Amino acid sequence: MTRVNTVLGTISAAELGFVAIHEHIGYGMPGCELDSRWWKTPEERYEETVPKLRKFHENTQKWGAATFVEATGICNGRDIDYYKSLSAKTGVHIVASTGFVGGDTALPFFERASVEYLTDQFVHEITVGIGDSGAKAGIIKVGVSRGFKMKELDLRIYRAAARASKITGAPIFTHLAVDCEPALNIFAEEGLPCHRVLFGHADDGVSQGKINEKALLDAGGRIGFDTFGYDLELPDPPFWGRARAERLKHFLRFINSGLVDQVLASADANCSPLGWPGVKGHTVNYLFEQLIPDLREEGIDDSLIDQLFVHNTADFLTLQPISD
């Protein structure tokens, strides 16, 4: 059976339905729980999050199920028991992450850890569970530190992620796709096929001109167009925003070039941001309210939309251990 870890247990890939491959229940930087301005009570977070997930579930009914891949790694507000409660309440499958958004978000305990230790940490969270929650991670998060350059810790995290992916079969997704050459070298050295890696945020406004798309595609990597909705047309757009038409044109260039197997799409929205205000007017449901209508208007049919959000995602999330 093709298997995927969710916070409520392991399910078959066929049960995933429509998948939002890179989203957040709540994301914040280490220490954000001490913020006195933006921090919310658990009740406020729950009240803000449940309607968005219920709407997501409602929007996915034609696909039979809804899956929300939670991209918040260790040290960034990950709360597995909360995810379990939300999944049970809303009917949305939630896939939790192990790993780190970027080396510069790792607390000192992990910053000093060896590749071997980090590998064991990731493997444990995928095969045994995260803390005492009983829930297993289904994907590994890695990133690029600020400044768009891999730091020594990033390289250690990538190497540990590659080893853990081979052992457990869990896929990897990255925060940012810039400075990809060191990552590609590590994956090659560790013998991890790059179709098991989603190189994320290739569509955001600040990464343009910094991504070697050819190298990623030639290596067989998957490209993440996963900041849909962070549009410059918003009343108060974020610094990583991008004009809606420009992002869509970039995405369509991949699809119309026959590269649909190598792309995945999402919104990277925060249901309830931790320790920061977030971006008003942006939720996971942008995928249904704006993106899918835009795609249909451009002549993309339902079978291709299914491939993007159902078939590609199910193949990617399926646990696929790799033997040397």
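The values are calculated or read from the model by the stated rules, or taken from the named source; none is laboratory data. Since we're looking at a predicted model, the values are computed, not measured. We place every Cβ from the backbone using ideal geometry, glycine too, and count neighbours over all the protein chains shown.
Here is how the numbers come out for the structure above:
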quantity	calculated
Residues of segment 104-146 that turn out to be among the aromatic types (Phe, Trp, Tyr) and either buried (at least 22 other Cβ atoms within 10 Å of the Cβ) or at pLDDT 95 or above (or both), as a count	2
When residues of segment 1-13 are limited to those that are of a type in the set (Gly, Ala, Ser) and loosely packed, with under 14 Cβ neighbours inside 10 Å, the one farthest from residue 46 (Cα to Cα)	12
Filtered residue count, segment 81-109, keeping only those that are touching a helix residue (DSSP H, G or I) at 6+ places or on another chain (Cβ under 7 Å) and under 23 Å from residue 180 (Cα atoms)	6
Close pairs (6 angstrom Cβ cut-off, 6 or more residues apart or separate chains): farther than 14 Å from residue 184 by Cβ in segment 196-218, charged (D, E, K, R) anywhere	200/226; 203/247; 205/242
Candidates 273, 193 - the one that is surrounded by fewer than 23 Cβ atoms within 10 Å (Cβ to Cβ), touching a residue at least 12 places away in the same chain (Cβ under 8 Å) and more than 30 Å from residue 324 (Cβ to Cβ)	273
Selection from segment 246-270 of residues that are free of Cβ contacts under 8 Å to residues at least 12 places away in the same chain and either on the phi < 0 side of the Ramachandran plot or hydrophobic (A, V, I, L, M, F, W, C) (or both)	246, 249, 253, 256, 257
Some residue of segment 217-233 being of a type outside the set (A, V, I, L, M, F, W, C), assigned to a loop (DSSP other than H, G, I, E, B) and over 22 Å from the mean Cα position of the chain (by Cα)	yes
Residues located in segment 54-69, provided they are touching a residue at least 60 places away in the same chain (Cβ under 8 Å), under 26 Å from residue 101 (Cα atoms) and out of contact with any Leu (no Cβ under 6 Å at 6 or more places or on another chain)	56, 68, 69
Tabulated pairs, segment 298-324, first part of a loop (DSSP other than H, G, I, E, B), second surrounded by 14 or more Cβ atoms within 10 Å (Cβ to Cβ) and of a type outside the set (A, V, I, L, M), C-beta under 6 angstrom, 6+ apart or interchain	318/2; 319/3; 319/169; 320/169; 321/169; 322/166
Test: residue in segment 55-62 that is more than 29 Å from residue 127 (Cβ to Cβ), surrounded by 16 or more Cβ atoms within 10 Å (Cβ to Cβ) and touching a helix residue (DSSP H, G or I) at 6+ places or on another chain (Cβ under 6 Å)	yes
Residue under evaluation residue 44, criteria (1) touching a residue at least 60 places away in the same chain (Cβ under 8 Å); (2) buried (at least 16 other Cβ atoms within 10 Å of the Cβ); (3) out of contact with any Leu (no Cβ under 9 Å at 6 or more places or on another chain), criterion not met	(2)
Hey, residue 102 closer than 19 Å to residue 172 by Cα and touching a residue at least 40 places away in the same chain (Cβ under 8 Å) or not	yes
Any hit, segment 279-293, residues being in a loop (DSSP other than H, G, I, E, B), modelled with pLDDT of 95 or more, hydrophobic (A, V, I, L, M, F, W, C) and in contact with a Cys (Cβ under 8 Å, 6 or more places away or on another chain)	yes
